[in-house]
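Below is one structure; the comments refer to it alone.
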Ligand SMILES: Nc1ncnc2c1ncn2[C@@H]1O[C@H](COP(=O)(O)OP(=O)(O)O)[C@@H](O)[C@H]1O
Ligand SMILES: [Mg+2]
């Protein structure tokens, strides 16, 4: 149960157009049930693309992805994707945002609001139920987005740099909050970030991608008890390992970008 | 507690002061125009038959009431009723036209959003027709619908329909993909996405376009009433000229200005009320 298996997955955006981009190339890895996997890699390496594929919003151009042994053919409330950008509907109150998934399934208003309130309480936003998203801070908005995923009973949380836009304090707070929710829940998490500390703090396992087109560079199990001490020597060692693994990739990504820009300006 | 109470009362007193100052400028601005008008008339510098001073055409509202009725001069009915039937005739046309035009535009735009073939077939034509001023449709409208409500409503309809259709498709294409994807992840069908995401997301845009085109539509109705349709505020103004009764013309003009202004204010209030989240959120 809860097992995601990617086999030789390739994704090319804009196939058949002049703006063809290979985002992922020949990616094979799997996520076990209940595992907290963090994906890191240079920006533009296809991390968001990977989550789109896992959620079923997009189909791979090559290879296969299965969930619980079945090929993924489309979005499924079992696997919820939480975006980096604010994704609450600004015209709905917080509670109606959280209850939206149930509303789509035809759950009566009173019932779905009761359910939503339960999850709002879990993420500490009960008093904000009737506020609208613009009245919430960035951290609160992301918590509401998480509540929205939980409200549908998602077994797999796919999170695309959900805390990237938050300040350091809030980000740290949100990380422990996420661990609190996850621990003992049996839920599977695939969490994308480009923050090395975030990866080392959260993950059971860190999957490292190369610069575009993203390929699997390494997979590192994090063997530290939780809650983790971010200034311990152990933590420092993982941090150093990721920095070292990523440095060459980031440099490559930069060089490619510069090259692309140079070519671009020359064509113009 | 005391501080908490003082803050709103100070805010509202500030708002009240702002309102008084603003109202003062309005009175002064209009007052100057009326004052100059009255003085030049009193000094005999202008022909008061052509430009009757404001106190005159306002004072004669009662005498003009018979002309403001739907069927001018047939029966004398109470003043207020008469004024309101002329206003009502124009208002009804513009509101029905706006309503029908908006509904049709959103429908066409949505179809074009989903059916590429439909869009490719219709949008070049719609794009060509959109820039035609509503008033330019009047001759065709009168030929097609005769001299009644139909022609005036048609003018408003075409005035809003083409532009709003283009705006609908354009706004739909620009809905932030993250909202659509969020809905898809939560299991929304295409129809649910349309209803729960696309429509609410584009509503503020449509309202802005509606408001921008409202004045052209309003003028279209008045022009139609002037040249063919025999009732409503536009007809009142023309009737005054034909009978060399400039008191009536000016009264009509004053009402047209006032009603147009109030309608725009009303649309503005509605926009704030219904779409309040737009100013605070990026959509
Ligand atoms: N919807 C899309 N259409 C076309 N190209 C895309 C799309 N999404 C991402 N890409 C391209 O795929 C590449 C990888 O992007 P992304 O997955 O967002 O990387 P990351 O999340 O790691 O920064 C980029 O070059 C990006 O331009
Ligand atoms: Mg990304």
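What follows is calculated from the coordinates using simple rules that are stated; it is not laboratory data. Note that this is a predicted model, so its numbers are computed, not measured. All Cβ positions, glycine included, derive from the backbone under ideal geometry; neighbour counts span all protein chains shown.
Work out, in µm²/s and without decimals, the Stokes-Einstein translational diffusion coefficient of the range A:1-104 at 25 °C, 0.890 mPa s, Rh from Kirkwood over C-alpha pairs. If you can, show how the numbers build up before the last one.
Numbers: Rh = 15.3 Å.
Rounded, D is 160 µm²/s.
Just need the relative contact order of the range B:82-274 here, percent rounded to a whole number, with Cα pairs under 8 Å and 6+ apart.
Values: 218 pairs, mean separation 51.4, N = 193.
Reported relative contact order: 27 percent.
Return an integer: the convex hull volume of the alpha-carbon atoms of the range B:181-274, in Å³ per residue.
Details: hull volume 9.9 nm³, N = 94.
Once divided by residue count, the hull of the range B:181-274 is 106 Å³.
Can you tell me what the convex hull of the Cα atoms of chain B projects to on average, as an area in nm²? Write down the numbers at each step before the final one.
Numbers: hull surface 87.3 nm².
Averaging across all directions leaves 21.8 nm² for the Cα convex hull.
Considering all alpha-carbon pairs of the range B:82-170, what whole percent are spaced by more than 15 angstrom? Show your work: numbers first, answer last.
Numbers: 2404 of 3916 pairs.
More than 15 Å apart: 61 percent of the Cα pairs in the range B:82-170.
Within a 10 angstrom radius of each residue's Cβ in A:79-88, how many Cβ atoms of other chains show up on average? Whole number is fine. Could the numbers behind the result be given before it?
Values: counts 1, 4, 5, 2, 6, 1, 6, 5, 7, 3.
Shielding by partners across A:79-88 averages 4.
For the range A:100-116 and the range A:188-216, what is the separation of their C-alpha centers, rounded to whole Å?
Taking the Cα centre of the range A:188-216 as reference, the centre of the range A:100-116 is 34 Å away.
From the alpha carbon gyration tensor of the range B:179-236, can you work out the equivalent ellipsoid semi-axes (sqrt of 5 times each eigenvalue) and give them in Å, largest to smallest? Write out the running numbers ahead of the final one.
Details: eigenvalues 368, 23, 7 Å².
Listed largest to smallest, the semi-axes of the range B:179-236 are 43, 11, 6 Å.
Over chain A, how many percent of alpha carbon pairs lie in each 10 Å bin up to the one with the longest distance?
7, 28, 33, 23, 8, 1, 0
Highest GNM mean-square fluctuation, chain A, Cα pairs closer than 10 Å: which of A:19, A:109, A:121?
Comparing A:19, A:109, A:121 in a Gaussian network model of chain A, the most mobile one is A:19.
For the range A:83-197, place one equal point scatterer on every Cα, skip the solvent, and apply the Debye formula. What is log10 of I(q)/I(0) at q = 0.09, 0.16 Å⁻¹?
After summing over all Cα pairs, the log10 values are -0.22, -0.71.
Measure off 7 Å from each Cα along the Cα-to-Cβ vector at residue A:239 and residue A:59, then give the distance between these two points in nanometres to one decimal.
In this crude label model, residue A:239 to residue A:59 measures out at 4.5 nm.
Hey, what number do you get for chain A at 222 nm if only DSSP H runs of n ≥ 4 count, each worth -39500 (n - 2.57), divided across all residues, to the nearest 500? Before the final figure, lay out the partial values.
Details: 8 runs with 104 residues, N = 268.
That comes out to -12500 deg cm²/dmol.
Would any residue of the range A:210-226 have its amide N under 17 Å from a label point 7 Å out along Cα→Cβ of residue A:179? List them or say none.
Taking a point 7 Å out along Cα→Cβ of residue A:179, the residues of the range A:210-226 whose backbone N falls under 17 Å are A:221-226.
Calculate, axis by axis, the spread of Cα positions in the range B:128-233 along the three principal axes, and write the results as whole Å, longest axis first.
57, 26, 20
Antiparallel DSSP bridges in the protein assembly as shown: what percent, to the nearest 5? Write out the running numbers ahead of the final one.
Values: 20 of 38 bridges.
About 55 percent, rounded to the nearest 5.
Return one number: the angle in degrees, 0 to 90 and rounded to the nearest 10, between the long axis of the Cα atoms of helix B:199-227 and the longest principal axis of the Cα atoms of chain B.
It is inclined by approximately 30 degrees.
I need the Debye-formula profile for the protein assembly as shown: one equal scatterer per C-alpha, no solvent, reported as log10 I(q)/I(0) at q = 0.05, 0.10 1/Å, two decimals.
-0.35, -0.95
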